[in-house]
Amino acid sequence: MSAYNPSINKLSGNKSPNLPSVAYDNASESSLSLFFREAWSYPMLKPEEEYALAVRYTEDGDVDAAHKMVTSHLRLVAKIAMGYRGYGLPVADLISEGNIGLMKAVKKFDPYKGFRLSTYAMWWIKASITEYVLKSWSLVKMGTVAAQKKLFFSLRKHKSRLGINDNGELLPEQASRLSRDLKISEHDIINMNRRLASRDMSLNAPISRDDDGAAEFQDTLVDEGISPEEFTALSQEKNMHQGMLSVALETLDKRELHIFTERRLKEDPVTLEELGGGYGISRERVRQLEVRAFEKVQKAVLAASQAQA
């Protein structure tokens, strides 16, 4: 992990500077501790100091002023990011996303409205982190409306308050209770709980280590399809049946072959009336020819199968 670098690259003539970012190569505990110590080393700003810096940045594009506002609120980012540790994502990544939200807040902060930057930035930091959590949780979009996103983050808290197992399937009475408390349908509650219980996992994610190396998640997957041996056997059997049918069809005359093909081998069989009209014969006569053709084919196939037995 590279150390946090709070420097700002000045962009000449641009009032929206490239604000600080955090880059981590490896999220080790020692690196996080180093970041926390550095974040807490920056002094917090008094209201009048913050106002003066915000005015300098807003009116003059003073990146040094923006730098001081950002670094003085790094501890706020860390505090908020730590609240999202339960979703199994690296704390370093959560902090990095929170810093992006902080940067956006500094850029958009209006000092003339009378609010402190921390009050305004808190929502930007949370929004940035929650979007990252949602995108990282699953390749499938978690929710298309604000209510779904809110449910994603509130369901676990309500389950904990009710003493419900975080990883298990909800019982009917539990789903009903959560539905009443959250004012959301039981169907949505159950679906979101299942999404929370399972995350997308890389097929190459290690699950254990043995003498031959790391065992991966894909090693535990079972192919529910037929085995190669079964596939080969079925293919050979299919080819054999097709061969028998081809030989059996050679026993039919031209008209019988046409009627049999149209009536027995097509997914959408032609009607007896249509065939009768084509040959100038009755519907009943076509039916008789079809039956006779089928009996010939059946007899030929049976004889071929007995010969191969």
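The values are calculated or read from the model by the stated rules, or taken from the named source; none is laboratory data. Bear in mind that the values here come from a model prediction, so they are computed numbers and not experimental data. Ideal geometry is used to build each Cβ from the backbone, glycine not excepted, and the neighbour counts take in all protein chains shown.
Only one of D200, D211, D219 is under 20 Å from L89 (Cα atoms), at pLDDT below 70 and of a type in the set (D, E). Can you tell me which? Write out each step before concluding.
Working: D211 fails: under 20 Å from L89 (Cα atoms); D219 fails: under 20 Å from L89 (Cα atoms).
Checking each option against the conditions leaves just D200.
Per the conditions (1) over 55 Å from the mean Cα position of the chain (by Cα); (2) surrounded by fewer than 15 Cβ atoms within 10 Å (Cβ to Cβ); (3) closer than 30 Å to E237 by Cα, the sole criterion not satisfied by Q308 is (1). Contact annotation: residue pairs with Cβ atoms under 9 Å, 6 or more positions apart or on different chains, pairing a residue in region 160-183 that is more than 16 Å from K150 (Cβ to Cβ) and of a type in the set (V, I, T) with a partner that is at pLDDT 80 or above and assigned to a helix (DSSP H, G or I), are I164/Q174; I164/R177; I164/L178.
Could you check region 41-94 and list, in sequence order, the residues that are under 27 Å from S136 (Cβ atoms) and among the hydrophobic types (A, V, I, L, M, F, W, C)?
V70, L74, L76, V77, A78, I80, A81, M82, L89, V91, A92, L94
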